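> Have a look at the structure that comes next, please.
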Amino acid sequence: QVQLVESGGGLVQPGGSLRLSCAFSGSIATIYVLGWYRQAPGKQREFVATITSGGATNYADSLKGRFTVSRDNTKNTVYLQMNNVITEDTAVYYCKVGTSARIYWGKGILVTVSS
């Protein structure tokens, strides 16, 4: 059984930083992409960032320069470093693992940006 566990969310002030982690475990076929999506209150889930098995990254245009996605293959973990956050970054953030067999999603973790 595959498990994805997100951590690192919480309350952060505007202009602050936060790092999300997603640790995955279980019997997972070949991974080709890891990523993050988010869903703000009253809005649809949207793409944040991805990183491929080769290390190539892709970001939502509006988040370039503030967010950084990375991975640690030795720990089966993908990270999202969020810097200079704004109130519009408030959302539930979801980890995604894409494999040759299927796509897995985490349960989500709440990030609230507020003073």
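The values are calculated or read from the model by the stated rules, or taken from the named source; none is laboratory data. Keep in mind that what you see is a predicted model, and the values were worked out from it rather than measured. Virtual Cβ from ideal backbone geometry, glycine too; neighbours counted across all protein chains shown. Heavy atoms of the whole protein, side chains included, go into the accessibility calculation; ligands, DNA and RNA do not. Shrake-Rupley method; radii C 1.70, N 1.55, O 1.52, S 1.80 Å.
> Looking at Leu34, is it assigned to a strand (DSSP E or B), under 15 Å from Val97 (Cβ atoms) and in contact with a strand residue (DSSP E or B) (Cβ under 8 Å, 6 or more places away or on another chain)?
Answer is yes for this residue.
> Which members of segment 41-50 meet the condition of being of a type outside the set (Phe, Trp, Tyr) and open to solvent by 50 Å² or more (accessible area, probe 1.4 Å)?
Residues satisfying the conditions are Pro41, Gly42, Lys43, Gln44, Arg45, Glu46.
> Considering only segment 74-91, state which residues are modelled with pLDDT under 95 and charged (D, E, K, R).
Lys75
> Which of the following residues is polar (S, T, N, Q) and over 22 Å from Val2 (Cα atoms): Thr68, Thr52?
That would be Thr68, the only listed residue that is polar (S, T, N, Q) and over 22 Å from Val2 (Cα atoms).
> Restricting attention to segment 1-35, which residues are open to solvent by 40 Å² or more (accessible area, probe 1.4 Å), aliphatic (A, V, I, L, M) and within 12 Å of the chain's Cα centre (by Cα)?
Within segment 1-35, Val5, Ala23 qualify.
> The conditions are (1) among the basic types (Lys, Arg); (2) at pLDDT below 95; (3) surrounded by 17 or more Cβ atoms within 10 Å (Cβ to Cβ), and Arg38 fails exactly one of them. Which is it?
Evaluating Arg38 over (1) among the basic types (Lys, Arg); (2) at pLDDT below 95; (3) surrounded by 17 or more Cβ atoms within 10 Å (Cβ to Cβ) leaves (2) as the failure.
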